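The structure appears below as structure tokens.
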Amino acid sequence: MIRVLLTNHVLSGALIGALTRRPAAAFAIGAASHFALDAVPHWGDWASPRHFLRVAVPDGLISLAAMGAITALAPAERRPAVLAGMTGAALPDIDKPAKLWFGRSPWPDAVDAFHLRIQPEAPRRAHIEIAAAGVFAVAALTALRRPRAAAGSAGRLG
Ligand SMILES: [Zn+2]
């Protein structure tokens, strides 16, 4: 039971959606970003399942809150891409709650094996995860607030 905080996947997916602005591309890049982030050394290697849940449950709730807040904050024309980016980035980790509640992963064994194999995790990296969450949150919100670069859209507010 190891992983990057779901909050970080959601926030990086929001950043991808804000930058790509196209839902299909944001979803695909978001899913790819999940495995790229997992391959970076991160927090994990839990001492016990109880310890894992003490982090995973608040992390899951914060992720949902972040998805809701970012969706609400996103300008209407970028909202579909932002939502698609967050969904794509979070989706590979649906196997964690699925295993907890239903006893099995929804993904093929090959995907689960790959997902596990790429993860170099170690305890006591919480500060890195929390710093990363801050960076992703600021970057995503900055990208969302940046006005459209196109010159032809004068007169549009938001
Ligand atoms: Zn993962």
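Okay, here's what the table says:
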item: Any hit, region 64-77, residues being over 18 Å from Phe136 (Cβ atoms), out of contact with any Asp or Glu (no Cβ under 9 Å at 6 or more places or on another chain) and open to solvent by 40 Å² or more (accessible area, probe 1.4 Å); result: yes
item: Residue within region 89-109 that is touching a Pro at 6+ places or on another chain (Cβ under 7 Å), without any contact (Cβ under 8 Å) to a residue 40 or more places away in the chain and buried (at least 17 other Cβ atoms within 10 Å of the Cβ) present; result: yes
item: Cβ pairs under 6 Å, 6+ apart, first in region 3-15 and without any contact (Cβ under 8 Å) to a residue 60 or more places away in the chain, second surrounded by fewer than 24 Cβ atoms within 10 Å (Cβ to Cβ) and in a helix (DSSP H, G or I); result: none
item: Residue within region 1-19 that is assigned to a helix (DSSP H, G or I), farther than 18 Å from Phe136 by Cβ, within 16 Å of the ligand (Cβ to nearest atom) and over 16 Å from the mean Cα position of the chain (by Cα) present; result: no
item: Restricting region 20-38 to residues that are part of a helix (DSSP H, G or I) and of a type outside the set (A, V, I, L, M, F, W, C), the residue that is surrounded by the most Cβ atoms within 10 Å (Cβ to Cβ); result: Gly30
item: Failed condition for Pro97, given (1) more than 19 Å from Pro120 (Cα to Cα); (2) more than 14 Å from the ligand (Cβ to nearest atom); (3) in a helix (DSSP H, G or I); result: (2)
item: Filtered residues of region 92-142 (kept if aliphatic (A, V, I, L, M) and within 16 Å of the chain's Cα centre (by Cα)); result: Ile94, Ile128, Ile130, Ala131, Ala132, Ala133, Val135, Ala137, Val138, Ala139, Ala140, Leu141
item: Members of region 96-111 found to be within 17 Å of Phe35 (Cα to Cα) and at pLDDT below 90, listed by number; result: Lys96
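The values are calculated or read from the model by the stated rules, or taken from the named source; none is laboratory data. Note that the structure is a prediction, hence the values are computed from the model and not measured. Here the Cβ is made from the backbone with ideal geometry for all residues, glycine too, and neighbour counts use every protein chain on show. These accessible areas exclude ligands, DNA and RNA; they are computed on the full protein's heavy atoms, side chains included. Shrake-Rupley method; radii C 1.70, N 1.55, O 1.52, S 1.80 Å.
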